[in-house]
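Below you'll find the structure, written out as structure tokens, and then a few comments.
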Amino acid sequence: MEVNLHRKNGLLPMITAIILFGGLTSQSQGQESQSEKESFGTFAGSLLMASDYMFRGISNSNLRPAVQGDFNWSHDGGLYVGVWASNTNFGGTGNSMEIDPYVGFSRDIGESDFNFDVGYWSYNYPGSEFSLDYGEIYTYLNYSKGKFSASPSVWWTHNYFGKDFLDGVSALAYEVTIGYDVCKGLTPSLRVGEQTFGSGNDNLDFTYWDIGVDYAIDQWSIGLRWHDTDGIDPFLANPNLADGEVVFGVTRSF
């Protein structure tokens, strides 16, 4: 979400410079004014249409298509806020939507190839007959050099999926995503993670992973991924919803 200002420099005949001086001055003032506006931050977003909504290897749309949107604001200083939304199909009658506001801070680490990202993500299910709302604190350490990238992350909550599911049970998910730009716009990647539970509920721990490829051109991106899990307890989710699935998606960024 960077905003880059490009300025062309060159040699102009003296008479042209004199004629255009006033216009250039006004243009410079306009650029300064525009720069001040841009320093307020940048708005961006995306819309995804996918064949399923997978969350850590588990279908949250009951193996059905999902439409997901994201709208966010970011500042050059590193602060960002946004809201993400998707249709869902789990958790009882009335639970057909998820709305997730989030806030975070991201900065490069000096002149290195590393970047850190910390924030809070709030999961909300309006209309559900159960109280499933909860939040997670997350931390990313991103590394990128040349065509290679790696992003280990940790997500922690004190109350996994709200007080009507595992009330008072903390959970920790840790994962790493590795990607490589084969050519312009084409990026295969692999993610492997583990969801763990506290308070004597380690029998619910499970491993999840997905592997696939994304191709981006201009503001469009298409992706094809295989999602799977190991160790899903039927109490946590229907094994049929986590038994391996190919997911196709198309994203439009703006």
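Taken together, the values in this text are just the output of simple stated rules run on the coordinates, not laboratory data. In this text the structure is predicted, and so the values were computed from the model without any measurement. We place every Cβ from the backbone using ideal geometry, glycine too, and count neighbours over all the protein chains shown.
At 7 Å along the Cα-to-beta-carbon direction for both ASP181 and TYR215, put a label point, then send me their distance in nm to one decimal.
So the label points at ASP181 and TYR215 sit 1.8 nm apart.
In debye, nearest 20, what is the charge dipole magnitude of the chain about its Cα centre with +1 on Lys and Arg Cβ and -1 on Asp and Glu Cβ, if you could check?
Once rounded to the nearest 20, the dipole reads 1000 debye.
What net charge is computed for the residues neighbouring GLY94, neighbours being all others with C-beta under 14 Å from the C-beta of GLY94, Lys and Arg scored +1, Asp and Glu -1?
The answer is -4.
From the convex hull of the Cα coordinates of the stretch 50-113, what is the mean projected area in square nanometres?
6.0 nm²
What does the net charge come to around TYR123 if you take all other residues with beta carbon closer than 11 Å to its beta carbon, with K and R at +1 and D and E at -1? The partial results should precede the final answer.
Details: positive: none; negative: GLU98, ASP100, ASP133, GLU136.
Taking every Cβ under 11 Å from that of TYR123, the sum is -4.
Between PHE130 and ILE99, with labels modelled 7 Å along Cα→Cβ, what's the label distance in nm to one decimal, could you check?
Roughly 2.1 nm, to one decimal.
If you consider only alpha-carbon coordinates, what radius of gyration and Dmax does the stretch 41-253 have, in Å?
So, for the stretch 41-253, Rg and Dmax equal 17.3, 51 Å respectively.
Across bins of 5 angstrom width beginning at 0, how are the C-alpha pair distances of the stretch 162-254 distributed, in whole percent?
Computed distribution, short to long bins: 3, 12, 18, 19, 16, 12, 10, 8, 3, 0.
Of the listed peptides 56-64, 97-105, what is their order by residue-averaged count of other C-beta atoms within 10 Å, with the highest listed first? All intermediate terms of the calculation are to be shown ahead of the outcome.
Details: 56-64: 19.6, 97-105: 16.9.
Top to bottom by mean Cβ count within 10 Å: 56-64, 97-105.
Express the relative contact order of the stretch 80-162 as a whole percentage, based on alpha carbon pairs under 8 Å and six or more residues apart in sequence.
23 percent
Within a 10 angstrom radius of the beta carbon, how do TYR138, TYR143 rank from fewest other beta carbons to most?
TYR143, TYR138
Starting from 0.36 nm per residue, how many nanometres of slack lie between ALA44 and VAL250 once their C-alpha separation is accounted for?
Additional length available on full extension: 72.5 nm.
Between 0 and 90 degrees, rounded to the nearest ten: what's the tilt of helix 14-38 against the longest Cα principal axis of the chain?
Once rounded, one gets 20 degrees.
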